[in-house]
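Reading through the C-alpha cells given below for one structure.
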Amino acid sequence: MASSDNARVFREVQRLPLKRTGVVLAVPPLGMTALLVWQVALGHPWGKAPMSNGNVIGWTIFLWLIYLRLITVRLVTEVRGGQLTIAMRGLWRSRRIPLSGIQSVEAIAFDPVRDYGGYGIRRMRGGTAYVADGSGGVRLTLGSRETLVVGSQRAEELARVIRGA
C-alpha cells in the first residue's frame, strides 16, 4: 500500500485542441496520400525527378505515424508526494518541481495563441508555459525566479492544492 506522502492530491489530463491543430497537422500526411494515389496507384510520376514508389509509400506511412503520435499528446498535471509533475505525455518527459521550491501561485486567465504563441511547451522570457486546451491556468514563481505557467481547466483548484501542500 502506498504511503500517504505519495497519495495523489490532484490530477488533470488535457488534450490539445484537435479542432484547431488536428486539421493543420493532417495536411502533410494527406498531401503524401494524394501523391501516393497519383503516382503509385494511378501510375503518373509527379515532377521532373519523381521519388521512387517505395519512397512515396515510406514517407506516407512515416507522416501518418507522426500525425497519429501528435494527436494523442496529453498534458498531464499531478500534485503528489510533495511535488508538482507536469508532462506532455507522448511528446516530452515530465518535469518535477518540489512544492517547497514554489514561491508564489496565482490562478490566471490567458489567450494561448496571443499570450504564448499557441499550444504545447512554449518558452518565453523568464520561463516556460505548458498549454493545452482552455484559457486558464496557474502561474508559478519558482525559487530561481523562473516563471512557469501550467494550463488547467481547474486552475483555482490546482492553485489551492499547491498552496495547501
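The values are calculated or read from the model by the stated rules, or taken from the named source; none is laboratory data. Please read all numbers here as calculations on a predicted model, not as lab measurements. Ideal geometry is used to build each Cβ from the backbone, glycine not excepted, and the neighbour counts take in all protein chains shown.
Residue by residue through the range 4-23, note down the ones that are assigned to a helix (DSSP H, G or I) and either at pLDDT 80 or above or among the hydrophobic types (A, V, I, L, M, F, W, C) (or both).
18, 22, 23
Here's the yes/no breakdown for (1) of a type in the set (Phe, Trp, Tyr); (2) crowded, with 16+ Cβ neighbours inside 10 Å; (3) part of a loop (DSSP other than H, G, I, E, B):
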position: 44; (1), (2), (3): no, no, yes
position: 48; (1), (2), (3): no, no, yes
position: 57; (1), (2), (3): no, no, no
position: 61; (1), (2), (3): no, no, no
position: 67; (1), (2), (3): yes, yes, no
position: 78; (1), (2), (3): no, yes, no
position: 84; (1), (2), (3): no, yes, no
position: 87; (1), (2), (3): no, yes, no
position: 92; (1), (2), (3): yes, no, yes
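Consider the range 139-165 and keep the residues that are of a type outside the set (S, T, N, Q), loosely packed, with under 15 Cβ neighbours inside 10 Å and within 14 Å of residue 98 (Cα to Cα). The one that is farthest from the chain's Cα centre (by Cα) is 164. Checked against (1) of a type in the set (A, V, I, L, M, F, W, C); (2) under 30 Å from residue 101 (Cα atoms); (3) at pLDDT 90 or above; (4) surrounded by fewer than 13 Cβ atoms within 10 Å (Cβ to Cβ), residue 1 meets all criteria but (3).
Taken over the range 103-138, the criterion of being in contact with a Pro (Cβ under 9 Å, 6 or more places away or on another chain) and among the charged types (D, E, K, R) is satisfied by 122, 133. Do you know which of the residues in the range 110-165 that are acidic (Asp, Glu) and within 18 Å of residue 12 (Cβ to Cβ) is modelled with the lowest pLDDT? Residue satisfying both the conditions and the ranking: 133. Of all residue pairs spaced 6 or more apart or on separate chains, none has beta-carbon atoms under 9 Å together with a first member in the range 140-158 that is outside the structural domain of residue 129 (by TED's automatic domain parsing) and part of a loop (DSSP other than H, G, I, E, B) and a second member that is at pLDDT 95 or above and surrounded by fewer than 16 Cβ atoms within 10 Å (Cβ to Cβ).
Pairs are defined by a Cβ separation below 6 Å, a sequence spacing of at least 6 or placement on different chains, a first member in the range 123-135 that is farther than 12 Å from residue 113 by Cβ, and a second member that is part of a loop (DSSP other than H, G, I, E, B); the pairs so defined are 127/146; 132/16; 133/17; 134/153.
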